[in-house]
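Below is one structure; the comments refer to it alone.
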Amino acid sequence: MTTTQTQAAAQLPIENPGEAYKRRKTTRGNFELYSWVFMRASGVVLLVLIFVHLFVNLVAGEGITAIDFGFVAGKWASPFWQVIDLVMLWLAMLHGTNGMRTIVNDYAERDGLRMWLKIALYTAFVVVTVLGTLVIFTFDPCPADAPANLLPSFCTA
Amino acid sequence: MSTLMENTTSSPGPETGAETGGGMGEIPSFDVTLRIRRYSPETHGDEAYWQEFTVTAYGTDRLLDALHKVKWDVDGSLTFRRSCAHGVCGSDAMRINGRNRLACKVLLKDLNPDKPILVEPLKGLPVKKDLVVDMEPFFASYREIMPFLITGGNEPTRERLQSAEQRERFDDTTKCILCAACTSSCPVFWTDGQYFGPAAIVNAHRFIFDSRDDGAAQRLEILNDKEGVWRCRTIFNCSEACPRGIEITKAIKEVKRAMITRAF
């Protein structure tokens, strides 16, 4: 039997090879359980809501050409579409934020980075959800000082 | 095929192997190159490095046999764990060509000997030396799920009987040999090592669904943790890595379902 040996180039070092293992204190509770169930339930509801939304906005009636300030205002004049869009907004934001939270937990290795990414994530969640909710309930298709060429035709009437 | 033969015969040096022997009844052999990730802080500093060894192997040889050849005949400093060498003790789990396998259950002929075979220590566990990792994080979460029979009430005067169906319920998860191939194949475990890991959940499953055991509620409580079953992303790395063929992802799912049934 013959053998040869070659020295290969050194690669990246193993991170902290001799470091002692530290298991943090237990973090028991039902939060992750409810979050897991919520992701599945909201996913199913969102699937229905989003395709209804796409169909009503882009396909039904005059289709995509009908979309303008007036179309949106018309929809939100009805409490039914206000509730539908509100539910869709909140479910989508909670579902997406929770998904991003688990991705941050899975991929960010350092606690500091994890914390800052989550602060950024939750800030984005609050800003978008509050603004979105506000718009759904206070949408005005004819803002007072907007240029006339950007407004729908019925505003001047 | 002819080009391959030409390359083999025209290659200079002593690496001719036993192919040239050609005696009657001789077992065919081939050369394999092992590319081993080594780490020996006493002699080579704190950097891990790759080292290649070429050994002659036979069709019936496993990777463990090649590692033995290197350790016994070439470089005695090569360090790896092995005990029974027959796939039962679970000592020689390692990363072979990027997949967690037992070195004693992988045949060299199945690994494409044309290319160097990558051999690395298990990922996500601290490396002690060469292919030996510190198993403590793995056993720490194993201990936490209390892998022993918990019973209440009076001691029975005879054996705790169980029907064949009741035994069948958790049969799959009794097969675990604690080799850590599953836990160290899990990307969630790689992140910070806080996740309980597939092996701990499999061994909890073995008792949770045992009709003789009364500790299911406690074990479900322990695994209903931020670092428990809910960190499983169902990517099936563990099921693919298990040398005993345990359906690990399914076991984790069954534990999740038991928790949800308990909570609602």
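Please treat every number below as a calculation from the coordinates, not as lab data. Here the structure is a predicted model, which means the values were calculated and not measured. Glycine gets a Cβ as well: all are built from the backbone with ideal geometry, and neighbour counts include every protein chain shown.
With a 10 Å cut-off around each Cβ of B:193-202, the average count of Cβ atoms from other chains is 1. Restricting to DSSP loop positions (anything but H, G, I, E, B) with no more than 14 other Cβ atoms inside 10 Å of their own Cβ, which chymotrypsin sites (Phe, Trp or Tyr not before Pro) remain in the stretch B:207-254? Of the chymotrypsin sites (Phe, Trp or Tyr not before Pro), the ones in loops of the stretch B:207-254 whose Cβ has at most 14 other Cβ atoms within 10 Å are B:Phe236. Averaged over the residues of peptide A:99-106, the number of Cβ atoms from other protein chains lying within 10 Å of each residue's Cβ is 3. When the listed pairs B:Lys129/B:Lys226; A:Lys25/B:Lys226; B:Lys69/B:Lys109 are checked against a 20 Å cut-off, the alpha-carbon distance exceeds it for B:Lys129/B:Lys226. Between B:Gly76, B:Gly228, B:Gly98, where does the largest GNM mean-square fluctuation fall for chain B, given springs only between Cα atoms within less than 10 Å? Residue with maximal mean-square fluctuation among B:Gly76, B:Gly228, B:Gly98: B:Gly76.
What does a probe at A:Tyr107 reach in the stretch A:119-140, counting residues whose amide N is under 19 Å from the point 7 Å along Cα→Cβ? Of the residues in the stretch A:119-140, A:119-125 have backbone N under 19 Å from the label point off A:Tyr107. Of the DSSP H helices in chain B, those that are both long (alpha-carbon extent of 20 Å or more along the helix axis) and hydrophobic (Kyte-Doolittle mean at least -1.0) are B:248-263. By the count of other C-beta atoms within 10 Å, a proxy for reagent exposure, A:Arg24, B:Arg82 are ordered fewest to most as A:Arg24, B:Arg82. Sorting A:Lys75, B:Lys175 by the number of Cβ atoms found within 10 Å of their own Cβ, with the fewest placed first, yields B:Lys175, A:Lys75. Left without a cysteine partner by the 4.7 Å Cβ rule in chain B: B:Cys104, B:Cys176, B:Cys179, B:Cys186, B:Cys232, B:Cys242. Given the -39500 (n - 2.57) contribution per DSSP H run of 4+ residues, what per-residue ellipticity at 222 nm results for chain B, rounded to the nearest 500 deg cm²/dmol? It comes out at -8000 deg cm²/dmol, rounded to the nearest 500.
The protection proxy used here, the mean number of other Cβ atoms lying within 10 Å of each residue, ranks peptides B:26-34, B:113-121 as follows, highest first: B:113-121, B:26-34. Divide the volume of the convex hull around the Cα atoms of the stretch B:25-133 by the residue count and you get 105 Å³ per residue. Specify the residue with the greatest mean-square fluctuation among B:Arg38, B:Arg143, B:Arg244, computed from a Gaussian network of chain B linking alpha-carbon atoms under 10 Å apart. In this elastic network of chain B, the residue with the biggest mean-square fluctuation among B:Arg38, B:Arg143, B:Arg244 is B:Arg143. Sorted fewest first by neighbouring Cβ atoms within 10 angstrom, A:Met115, A:Met93 come out as A:Met115, A:Met93. The residues neighbouring B:Gln51, those whose beta-carbon lies less than 11 Å from its own, together hold a net charge of 0 under the Lys/Arg +1, Asp/Glu -1 convention.
Shielding by partners for peptide B:230-237, expressed as the average number of C-beta atoms from other protein chains within 10 Å of each residue's C-beta, is 2.
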